[in-house]
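Everything below concerns the one structure shown next.
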Amino acid sequence: MSSLRPDTRAAILEAARAVFEEAGYFGGALEAVAKQAGVSRQAIYLHFTSKAALLTALHLHIYETDVVPALERHPIWTAPTALDALDASIAVDAEVASKVWKIHEALLVARRHHREVDETLRPREEERYQEAVRLGRWLKKEGELPPKMRISTFADILWGLTSLGTFKNLVIERGWLTDRWTRWVRDTIRTQLTDARRVRDA
């Protein structure tokens, strides 16, 4: 059993996040993490057996510290309508993307070199896609999907528009404000759904 106190473990994870965000996967050394956290390198190994293990734990830590609070602030599955749920989902993605895009880049590099990092990312990616499918089913049930649009097509559109890659290209590279990105995603998807309203209201 690790002798690390919970606050020490959290300090190491936050230090690792800062180091890997700044230096990337290859530039982030455990010595730098230890210095940032105010512990010895040996203290890190008391709980994390390797750099990959540290990154795996960091991914789970970020889910708890960034994703869960965003979900609580923007409830999706208790929304009154499917369109309200869609808006909440986009709001969650915007909030999370603005906080995690830098560390996500380091994790993407790490997953190509360590199977355990890839194995911790894949379930969350699959879960996120299935949430898009679930939203598509709700929209279809309420008559908001165009008649010829498949649920899987809607899920693919939402997945692509709200991906961290799209967020980085527009917000980080092109200088969009996060609010502008959020409105763009919402309006683009709404445009895809207008055919449903025309048919329904005809």
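The values are calculated or read from the model by the stated rules, or taken from the named source; none is laboratory data. Note that this is a predicted model, so its numbers are computed, not measured. All Cβ positions, even for glycine, are placed from backbone atoms using ideal geometry, and neighbour counts span all protein chains on display.
Quick notes on this one:
- The condition of being exposed (fewer than 15 other Cβ atoms within 10 Å of the Cβ), at pLDDT 90 or above and under 21 Å from residue 84 (Cβ atoms) holds for residue 187.
- The range 184-200 residues that are part of a helix (DSSP H, G or I), paired with ones that are among the acidic types (Asp, Glu) and at pLDDT 85 or above (beta carbon under 7 Å, 6 or more apart): 186/87; 193/144; 196/144
- Matching residues in the range 83-102 - criterion: being surrounded by fewer than 19 Cβ atoms within 10 Å (Cβ to Cβ) and among the hydrophobic types (A, V, I, L, M, F, W, C): 83, 91, 101
- Residue list for the range 105-119, filter: part of a loop (DSSP other than H, G, I, E, B) and surrounded by 15 or more Cβ atoms within 10 Å (Cβ to Cβ): 114
- Within the range 11-49, being β-branched (Val, Ile, Thr) and within 19 Å of residue 102 (Cβ to Cβ) holds for 12, 19, 33.
- The range 50-81: number of residues that are among the aromatic types (Phe, Trp, Tyr) and over 17 Å from residue 99 (Cβ atoms): 1
- Inside the range 146-181, residues that are under 21 Å from residue 105 (Cβ atoms), touching a residue at least 60 places away in the same chain (Cβ under 8 Å) and assigned to a helix (DSSP H, G or I) make up a count of 7.
- Verdict on residue 55 being surrounded by fewer than 16 Cβ atoms within 10 Å (Cβ to Cβ), more than 19 Å from residue 162 (Cβ to Cβ) and touching a residue at least 40 places away in the same chain (Cβ under 8 Å): no
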